[in-house]
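As structure tokens, the structure follows; a few thoughts come after it.
The values are calculated or read from the model by the stated rules, or taken from the named source; none is laboratory data. All values reported here derive from a predicted model rather than from experimental measurement. Backbone-built Cβ (ideal geometry, glycine too); neighbour counts: all protein chains shown. These accessible areas exclude ligands, DNA and RNA; they are computed on the full protein's heavy atoms, side chains included. Shrake-Rupley method; radii C 1.70, N 1.55, O 1.52, S 1.80 Å.
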Amino acid sequence: MNLYLRYFDKEILVNTVDEAIAFLSEIDEIGMNHMLEADIRDYVASDVAYPKRYKIRPRVYFIIIKTEAATMLDFKEKRAVRTDVNVPKIAAPAVLRLNEERYGWYEGALDFKRVTLMPGTGKFQYRDTHFVVRCKAYSGQDCYNRIVDHLSQRVDSRSQFPSSKGKNFKFTYLGNCKEA
């Protein structure tokens, strides 16, 4: 594992953390101290793969990037792009599966703002309402549309429904069903 360091136009690719600290010590503006050195050593020793930047003063930073590149040219041309085979693949987000055609049973959960009448005052107020339903649908979007159609016929028209792409709508495909 090598380290790429950059501070404005000064940059270097080093093999060890000691070389990195020596490079940073040569730059007076950085002001290398024991705390900064310990933090850099902790970062290099950790499993963290993302770049780390250190603030020197407002809007002025230096950056350290862990890389597999052997030379500066390899790093610049992104020849040593890191690929972690041990990292599990992330499932596709629900937004990407929203329009996937798959007829069957769905469970949809919707959090929306429902307008309700306050009995003592006669005034209306918004209440957070959680609604869960199981229905037959052709896709996650169809499930959302069926839920909103059902609720809009039964609650005050001023109630507010979230977007199907937002965090307030979740759906799960439960399985096949016979087509009617």
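Note on Arg154 and Met1: their simple-model spin labels are 5.4 nm apart, each label 7 Å out from Cα toward Cβ.
Once the Cα-Cα distance is subtracted from the 0.36 nm per residue extended length, the Asp74 to Ala45 segment shows a gain of 8.2 nm.
Taken over the chain, the ratio of Cα radius of gyration to 2.2 N^0.38 Å equals 1.73. In region 1-52, the convex hull through the Cα atoms has an average projected area of 3.6 nm², a quarter of its surface area. Using the 1.4 Å probe convention, the accessible area of region 106-166 works out to 62 Å² per residue with neighbouring protein chains retained. Note that region 31-73 presents 68 Å² accessible area per residue, ligands and nucleic acids not counted, probe 1.4 Å. Net charge in the neighbourhood of Asp39 (other residues with Cβ under 14 Å of its Cβ; Lys, Arg +1, Asp, Glu -1) is +2. Just to confirm my numbers, what's the Cα centroid distance between region 145-180 and region 1-77 in Å? Using only Cα atoms, the two centres lie 50 Å from each other. Entry note, the chain: relative contact order of 19 percent, from Cα contacts under 8 Å with a spacing of 6+ residues.
Counting protein heavy atoms only, the chain has 51 percent of its accessible area on carbon and sulfur, 1.4 angstrom probe.
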